[in-house]
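J.: Structure incoming, see below.
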Amino acid sequence: MIARLGHSARLKGSSLLYGLGFFYNVLKETGRFFRRSQVGYKVLILQILFTGYEALAINAVMAIAIGAAINVIGQSLLPQFGQSQLMYSILIIVITRELGPLLTAFVITARSGTAIATQLGTMVVNHEIEAYIAVGLNPISYLVVPRFIGVVVSMLVLTVYFNIFGLMGSFIVVQMISPTPIGEYLGTLMSMLTVGDVVSGLTKALVFGVVVSVVATYQGFSVNRSSTEIPVAGIKAVGQSFILIILTDVLVTLVQYA
Amino acid sequence: MKFKIKFADQIVGLFIIVALVFFVVIVVLIGANQRWFAKDYRFVTSFPSATGVAPGTSIIMKGFTIGKMDKLTLNDDNSVDALFHIYDTYYDKVREYSILELTVSPIGLGSQLLFHPGRSETRLAEGTFIPTADSIDGKALIEQELVEIPPKDDTITRLLANVNPLLENTNKTIVTVNRTLTEVNRALAGQSSGPLGSIVGDTSAITADARERVGGILDQVSSLLSELETISANLAETTDSIRDPTGLVTKLLDPSGSIKTFLDDDDALYDKVMSIVGELDKSMSSLQGIVSGLNREMPKIAGLLNETRTAIQQAQDVLEGVKNNPLIRGGITERVEQQPLNQAMREGSFE
């Protein structure tokens, strides 16, 4: 029993060290990526297209729905306590600080995290990685870094869109319940919104983007030789990404409010 | 080739640029609403307490927010130094003799920091000290009518403005009464060293002495009363006996009663009694003589009894020796007991 626990801990420890080493290599190659003019740029554009642009529709629908839901709940609940003015503060905190980056990260994990892990796993099984190495291409710089940057940029951009659509969705509902001039709505909203709120949301988006991309590429490369390992890698990528996203969300929130 | 793939660069560029534009617009709007690009003029003031005021509190003039509180610090004199700013659009309102007024609602409706401009044409320079309405300087400026204080905006505010001094006076009165009661309580508890305390102490000593004396007197009076009660009861009983028409006195005094008849016998009863007494006297003398004789003979009787006991013991020894002697054993004829002739049935055995 103790021997098994020790063996498991040793495996986890070595796996963690390997993951940290992998992350270090990704960061190192990312620094070099922008100094090189290479084919990896096209991979980056396509990654942003698939991860960011194609997720915009579902992201916008979610943002508008959540903004509207918060507004409906707030409009019916807050006046009972005589705190109607808190509506804007709640909207900003929920959309900009918390749900914006969190839901965007979940969407990207579900859509792109699995895709990246599966794609890289398939390439390993088909010995494509060995072929890249054979012709002198670093798989991390060519395969991982464009995906890493693409996911991070997509996360940041989608978070900005989520904020805009979320706050606008709330405005649409406000028009239905109690019509308000857009100038007044935006004026009040902007007087409540601080740069700290926006930076907080974008910081989380950056961290979540790093987590999702690194976990997905790591799990993709963890496939050895069998095609049956590919879906397992995809499942692991999603599970680990969700856990790490929630943990880092708590950590970043603690850092911001501490 | 698919449209998206063919124009991927353009789509992605537009996707990112639009987001950047939105982001910049949002930041600019935030900045504009939060006056990042406007100049503010800073002034200082002082409050006796920071209650009701905090960093970010709006400074209001006639319903308009003309500035905000920036910083509050508690200084060495235990008053609160405050730094605040006035927006550039309202800087011309900050004239000489201007004051700040902190109004705190006594019924918990929050507080307001009001700005009252001075009646002067001279603008105050940035960093000038602006007194508050409840400071000595501020009160002097108000009394001299150098400050432009508008009438309160609404009925409730006016009422509250009138209620505030009343409440303050009431509060002062209550505090004074409370202090007086506390002093009286301390004096009554013997903790005060003032004149009232000494008076209360003397009174307490006198009262204790009086209580002690009255206690002794009361004990004596109580015992007296108890005796009087007993005497009264006896008197009442005697009186009742005397009042009784069939009582002893009446019977004794009845001329036809037995006692009267019994006593009226020419001293015959008396003589008889006297002779009995004489006989008794003689008998007693004889008895006394017998007892004296017995007393004299008592040692002899004791010696005689002692000798008799010794003789009986010796006779018992002799009889035992005779009984145990084998020569004369059986030499004495055994006595035969005479049985009664008429034996009762019950005296027989039931064998």
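J.: What are the ³J(HN,Hα) values, in whole Hz, obtained from phi via the Karplus relation 6.51 cos²θ - 1.76 cosθ + 1.60 with θ = phi - 60°, for each residue of region B:226-239 in sequence order, with x given for Gly and Pro?
T.: 5, 5, 4, 5, 4, 4, 4, 5, 4, 4, 5, 5, 4, 4
J.: Could you state how much accessible area is buried at the B-A interface, both sides summed, with a 1.4 Å probe, in Å² to the nearest 100?
T.: 2000 Å²
J.: By the gyration tensor of its Cα atoms, with a ≥ b ≥ c the square roots of the eigenvalues, what is the shape of region A:87-128: rounded for a/c under 1.5, prolate for a/b over b/c, or oblate?
T.: Prolate is the answer for region A:87-128, as a/c is 1.5 or above and a/b outweighs b/c.
J.: Using Cα pairs closer than 8 Å and at least 6 residues apart in sequence, work out the relative contact order for chain A, in percent.
T.: Over chain A, the number comes to 32 percent.
J.: Next question, about the same structure. Could you state the angle between the C-alpha long axis of helix A:2-33 and the longest principal axis of the C-alpha atoms of chain A, as a value from 0 to 90 degrees rounded to the nearest 10?
T.: The angle comes out at about 80 degrees.
J.: Need one number: nm distance between label points at A:Ser15 and B:Asp76, each 7 Å from Cα along Cα→Cβ, rounded to one decimal.
T.: 6.5 nm
J.: Now, a different point. For B:Ile66, which sequence-distant residues (separation of 5 or more, or a different chain) have an amide H within less than 5 Å of its own amide H, given hydrogens modelled in the peptide plane?
T.: For B:Ile66, the qualifying residues are B:Ile59, B:Ile60, B:Met61.
J.: Separate question: With all protein chains present and a 1.4 Å probe, how do B:Asp266, B:Asp88, B:Asp219, A:Asp197 order by accessible area, largest first?
T.: Greatest to least solvent exposure: B:Asp266, B:Asp219, B:Asp88, A:Asp197.
J.: Rounded, prolate or oblate for region B:38-150? Axes are the square roots of the Cα gyration tensor eigenvalues, ordered a ≥ b ≥ c, and the cut-off for rounded is a/c under 1.5.
T.: Since a/c stays below 1.5, the shape of region B:38-150 is classed as rounded.
J.: Round to the nearest 10 and report in Å² the accessible area of B:Lys68, as given by a 1.4 Å probe over the protein chains' heavy atoms.
T.: It works out to around 70 Å².
J.: Roughly speaking, what is the centre-to-centre gap between region B:33-100 and region A:88-123 when only Cα atoms are used, to the nearest Å?
T.: 44 Å
J.: For the protein assembly as shown, give me the percentage of DSSP beta bridges that are antiparallel, rounded to the nearest 5 percent.
T.: Around 85 percent antiparallel, to the nearest 5.
J.: Taking the Cα centroid of region A:156-205 and of region B:275-329, what is the distance between the two, rounded to the nearest whole Å?
T.: Centre-to-centre distance over Cα atoms comes out at 145 Å.
J.: Putting +1 on Lys and Arg Cβ atoms and -1 on Asp and Glu Cβ atoms, find which of B:Thr170, B:Ala38, A:Ser213 reaches farthest to the positive end of the dipole of the protein assembly as shown.
T.: Going by the charge dipole, the pick is A:Ser213.
J.: Is chain B best put as rounded, prolate or oblate by its Cα gyration tensor, with a ≥ b ≥ c the root eigenvalues, rounded for a/c under 1.5, and otherwise prolate when a/b is larger than b/c, oblate when not?
T.: prolate
J.: Averaged over peptide B:4-13, how many Cβ atoms belonging to another chain are found within 10 Å of each residue's Cβ?
T.: 4
J.: Sorted from largest to smallest, which semi-axis lengths in Å does the alpha carbon gyration tensor of chain A give for its equivalent ellipsoid, taking the root of 5 times each eigenvalue?
T.: 40, 21, 16
J.: Counting only other chains, what is the mean number of Cβ atoms within 10 angstrom of the Cβ of each residue in peptide B:20-26?
T.: Neighbouring Cβ atoms belonging to other protein chains average 4 per residue here.
J.: Specify which residue in the list A:Gly6, A:Phe33, A:Leu247 is farthest towards the positive end of the charge dipole of chain A, using unit charges on the beta carbon of Lys, Arg (+1) and Asp, Glu (-1), about the Cα centre.
T.: Comparing the listed Cα positions along the dipole, A:Gly6 ranks first.
J.: Just to check I understand the Karplus step: with θ = phi - 60° and J = 6.51 cos²θ - 1.76 cosθ + 1.60, what whole-Hz values come out for region B:267-272, glycine and proline as x?
T.: Whole-Hz 3J(HN,Hα) from phi for region B:267-272: 6, 5, 5, 5, 4, 4.
J.: I want to check the label-to-label distance for B:Ile60 and B:Val184. Put each point 7 Å from Cα in the C-beta direction and report it in nm to one decimal.
T.: 4.4 nm
J.: Can you give me the long-range amide H partners of B:Ile99? Hydrogens built in the peptide plane at 1.01 Å from N, cutoff under 5 Å, separation of 5 or more residues or another chain.
T.: Here the answer is B:His116, B:Gly118, since their amide H atoms fall under 5 Å of that of B:Ile99.
J.: Let me ask another. Might you tell me the accessible area per residue for the protein assembly as shown, computed with a 1.4 Å probe and given in Å²?
T.: With the other protein chains kept in place, the protein assembly as shown gives 65 Å² per residue.
J.: Suppose every Lys and Arg Cβ carries +1 and every Asp and Glu Cβ carries -1, with no other charges. What dipole size does region B:38-150 come out with about its Cα centre, to the nearest 20 debye?
T.: 360 debye
J.: Taking only DSSP H segments of four or more residues, each worth -39500 (n - 2.57), what value at 222 nm results for chain B once the sum is divided by all its residues, to the nearest 500 deg cm²/dmol?
T.: That calculation yields -19000 deg cm²/dmol at 222 nm.
J.: Follow-up. Give the ranking of B:Phe22, A:Phe221, A:Phe34 by solvent-accessible surface, highest area first, calculated with a 1.4 Å probe.
T.: These residues rank, largest area first, as A:Phe34, B:Phe22, A:Phe221.
J.: Here are some pairs, A:Lys28/B:Lys6; B:Lys39/B:Lys93; B:Lys62/B:Lys93; A:Lys28/A:Lys236; B:Lys71/B:Lys139; which of them have Cα atoms lying more than 19 Å apart in this structure?
T.: As for pairs spanning more than 19 Å Cα to Cα, those are A:Lys28/B:Lys6; A:Lys28/A:Lys236; B:Lys71/B:Lys139.
The values are calculated or read from the model by the stated rules, or taken from the named source; none is laboratory data. Because the structure is a prediction, the values reported are computed rather than measured. No Cβ is skipped: glycine too gets one built from the backbone with ideal geometry, and neighbour counts run over all protein chains shown. These area figures cover heavy atoms from the full protein model, side chains too; ligands, DNA and RNA do not enter into them. Shrake-Rupley method; radii C 1.70, N 1.55, O 1.52, S 1.80 Å.
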